[in-house]
1. With every protein chain present, what is the per residue accessible area of the chain (1.4 Å probe, Å²)?
2. Quick one: helix 115-129 against the long Cα principal axis of the chain, what's the angle to the nearest 10°, folded into 0 to 90?
3. For the modelled label position 7 Å from the Cα of Val55 along Cα-to-Cβ, which residues of the range 31-49 have backbone nitrogen atoms closer than 12 Å?
4. Kindly express, to the nearest 10 degrees and within the range 0 to 90, the angle between helix 68-93's C-alpha long axis and the longest C-alpha principal axis of the chain.
5. Quick one: dipole size for the range 11-60, taken about the Cα centre, charges +1 on Lys/Arg Cβ and -1 on Asp/Glu Cβ, in debye to the nearest 20.
6. Return the tail of the calculated pair distribution for the range 53-200, meaning the percent of Cα-Cα pairs more than 23 Å apart.
7. Starting at 0 and stepping by 5 Å, how many percent of the alpha carbon pairs of the chain end up in each bin?
8. Tell me, what % of the accessible area of the chain is carbon and sulfur with a 1.4 angstrom probe?
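The values are calculated or read from the model by the stated rules, or taken from the named source; none is laboratory data. Remember, it's a predicted structure, so these values are computed and weren't measured experimentally. Cβ atoms come from the backbone with ideal geometry, glycine included; neighbour counts cover every protein chain shown. Only protein heavy atoms, including side chains, enter the accessible area calculation; ligands, DNA and RNA are left aside. Shrake-Rupley method; radii C 1.70, N 1.55, O 1.52, S 1.80 Å.
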Amino acid sequence: MAAGMSQVTAEILAGTCGGILGAYAGHPFDTAKTRLQAMPSMHSVGMTACIRRTVQEEGFLALYKGVLSPVAFSGILNAIVFATEKSSARLLEQTSTPKETIPFLAGCFGGFVQCPVLCLMDAAKINLQVDGGRQGAGTYISVFRHRIQSLGFGKAFFPGLNVTVLREVPSYGVYFLVYDNTKEYLSKHLQESSAVLLAGGAAGVIALAPFHPVDTVKTRLQSTTDPSATAFSVAKTGWQAEGMRFFFRGFVPFVLRTFVLNAATFYGFEEALRRLGPPNS
């Protein structure tokens, strides 16, 4: 560990590196997922057609619309999640908590703490992703000015906070539980870097795939400017219009995005932590 650097500080820095790497790696698939979930003109197409139309009509860089939001916030988010998870795990290890449940409980704590920041990040990201027009430096300001006028401060900046908590808390518990066990197994058969990449990607998919219906509702809720919209009303309207298909919109790019993003995130975290050196005693 660098001179004078504590374990928590190193984990925050490593989490930041992992978050930024993951944001860039998975964003094109995330844009496809978001557009399939919330952009009316893309509701009748699949992932490949969505990506092709986006590139043809808006250029390749359109796949990175809204990326500044996760780049700016993912570092903070992952720093919060990883530092909270590691610190919680160390505290739980000093109690009578069964060892096999510690990764799950610590992950739940990490997932809960980051929810308000995640809500703000997603509100910015999603609204830029579903905007088919040109975007400049003032786009974020314009988006939130319009949302505040339509929704008020709370719903403009923190839409779907309850749905976010519903998804993030249990999924992060499963996330770290799967990662720790998968990495331990794969490390016996593969190089460390390969084990981290595969374990990170698998953890993301296994933890988040069951919550995709919640993610679809969250995306619609965070992109609407209807002040009366709630998670229940969004789910009800979607079910009435499309049936079960509504809840699995964008599932294929979601799986691809989740694997790539989380593989890159864990690799960035572990590699940064390794380069920072062993912790100070």
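1. I get 46 Å² per residue for the chain.
2. On a 0 to 90 degree scale, this one is about 40.
3. Counting only backbone N, you get 48-49.
4. It is inclined by approximately 40 degrees.
5. 220
6. 51
7. 1, 6, 11, 17, 19, 16, 12, 8, 5, 3, 1, 0
8. Ligands and nucleic acids excluded, carbon and sulfur reach 66 percent.
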